[in-house]
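Working notes for the structure below.
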Amino acid sequence: MRIVAGKYRSRVIEAPKGEDTRPTLDRVRENLFNIIQNQVPGSRVLDLFSGSGALALEAVSRGAVSAVLCDISREANRIEKQNVRTLGAETQCQIFCMPWQSCVRRLAETGMQFDVIFLDPPYRMTDLSEVCSCLLPLMSEHAVLVVEHRNETEPVVDTALERYDRRKYGYVGLSLYRRKDQEDGQ
């Protein structure tokens, strides 16, 4: 796996071994970042179910000022730390090894808000309404929520969110959401 663009362009990063983690393919990441390219520079990023950290690290490479990565897997956590160290991005990245609920609660207690949130849960998780509901207080005014899912499924999200874009790449689907009360002219 490699970083597609930005200051870490072409740098190789590792992915956890085994079936538990499903790294976002380079071409899917490239297409995703083409869609959200205007939101990334200067943004604060949250990557839940982060696996290798590829999405957050791609965002940092493309100008995000900070990224929080969270995954419950110890192996994913080890790989994320290794990838952050390899890229020299330690000052921009915080890494948590805990359930998503604990991470979101901790971030909410600090009052943190994010401009870009990546949500790449196990594909068996199709009802994401609880996750999204908990994420709402963490979303900045013009935040984008990117959900990776199986392309034949439609994730269930909080009713306060609206999907404004959907893409399919083989078996991978990407759905992009924003708050319903957000203006179209972002």
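Annotation: extensible slack from R78 through T91 equals 3.0 nm (criterion: 0.36 nm per residue apart, minus Cα-Cα distance).
Computed over the chain, the per-residue total of -39500 (n - 2.57) for DSSP H runs of n ≥ 4 gives a 222 nm mean residue ellipticity of -8000 deg cm²/dmol, rounded to 500. By the compact-protein rule of thumb, 2.2 N^0.38 Å, the alpha-carbon radius of gyration of the range 46-165 corresponds to a ratio of 1.01. For Y169, nonlocal amide neighbours, meaning residues 5 or more places apart or on other chains whose placed amide H falls under 5 Å from its own, are L174. A 1.4 Å probe run over the chain, with the rest of the protein chains in place, finds 47 Å² accessible per residue. Between V65 and N34, the FRET efficiency estimated from the beta carbon spacing at R0 = 25 angstrom works out to 0.75.
Antiparallel versus total DSSP beta bridges in the chain: what percent is that, nearest 5? If we restrict to bridges inside the chain, about 45 percent are antiparallel.
For the range 1-110, the convex hull spanned by the alpha carbon atoms encloses 93 Å³ per residue.
Spacing of the modelled spin labels on T159 and M98, each 7 Å from Cα toward Cβ, amounts to 3.1 nm. List residues of the range 145-161, by number, whose backbone nitrogen lies under 14 Å from a label position 7 Å along Cα→C-beta of S129. It comes to 155-161, nothing else.
For the chain, C93, C97, C132, C134 stand unpaired, since no other cysteine beta carbon lies under 4.7 Å from theirs.
For the chain, the carbon plus sulfur part of the accessible surface works out to 45%, probe radius 1.4 Å. Take the Cβ atoms of R9 and R105, set R0 to 45 Å, and the FRET efficiency comes out at 0.80. Ignoring solvent entirely, what values of log10 I(q)/I(0) come out of the Debye formula for the range 103-172 at 0.11, 0.12, 0.17, 0.19 Å⁻¹ when each Cα is a single scatterer? Per q value, in the given order, log10 I(q)/I(0) is -0.27, -0.32, -0.64, -0.78.
The values are calculated or read from the model by the stated rules, or taken from the named source; none is laboratory data. The structure displayed is predicted, hence computed values, not measured ones. Glycine gets a Cβ as well: all are built from the backbone with ideal geometry, and neighbour counts include every protein chain shown. For the accessible areas, the whole protein counts, side chains as well, though only heavy atoms, and no ligand, DNA or RNA atoms are used. Shrake-Rupley method; radii C 1.70, N 1.55, O 1.52, S 1.80 Å.
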